[in-house]
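Participant: Sending over a structure as structure tokens; questions will come in a sec.
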Amino acid sequence: MTAPNVAPAPPAVAVAAGLSSEAQRPGLERVVESLAELADDLSVPRNVRRGAQTAKDELAKPRVALDVRIASAVYVLDDLANDPNLPSHGRTAIWSIISQLESLS
């Protein structure tokens, strides 16, 4: 007798971030973690922290296609990267996140 096919348990990061089951990819989880770190970084301006949270929320929308969610998050992050008050480490983090998102699409 064979064991029934049981889907693996969803990763805790994806569940905590509110990501749907089709979006639970290792790359997307890393992006969500990076966005959470940026949103909690007190050395970047408040609007950048809010924007990182907005991008994270865009990725967590359950009824939107993954490519649309990625494009929305990239749009938000690209706007943040052009902020003249953003410190260089914040800009580098945003560019890294954008690069990771573009590799997923």
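Participant: Give the number of residues within the stretch 60-105 that are under 19 Å from residue 44 (Cβ atoms) and among the basic types (Lys, Arg).
Facilitator: Residues that pass the stated criteria total 1.
Participant: Can we say residue 79 is surrounded by 12 or more Cβ atoms within 10 Å (Cβ to Cβ), in contact with a helix residue (DSSP H, G or I) (Cβ under 9 Å, 6 or more places away or on another chain), not in a helix (DSSP H, G or I) and not β-branched (Val, Ile, Thr)?
Facilitator: So residue 79 does not fit the description; no.
Participant: Filter the stretch 25-53 down to residues that are in contact (Cβ under 8 Å) with a residue 24 or more places away in the chain and not in a helix (DSSP H, G or I) and give me whichever is surrounded by the most Cβ atoms within 10 Å (Cβ to Cβ).
Facilitator: Within the stretch 25-53, the match that is surrounded by the most Cβ atoms within 10 Å (Cβ to Cβ) is 44.
Participant: I need the full set of residues from the stretch 56-76 which are in contact (Cβ under 8 Å) with a residue 24 or more places away in the chain, among the hydrophobic types (A, V, I, L, M, F, W, C) and part of a helix (DSSP H, G or I), in order please.
Facilitator: If the condition is that a residue be in contact (Cβ under 8 Å) with a residue 24 or more places away in the chain, among the hydrophobic types (A, V, I, L, M, F, W, C) and part of a helix (DSSP H, G or I), then 59, 66, 70, 71, 73, 74, 76 are the ones that fit.
Values quoted throughout were computed directly from the atomic coordinates according to the rules given, and no laboratory measurement underlies them. This structure is a prediction, so every number in the text was calculated from the model and none was measured. So basically every Cβ, Gly included, is an ideal-geometry build from the backbone, and we count neighbours across all protein chains shown.
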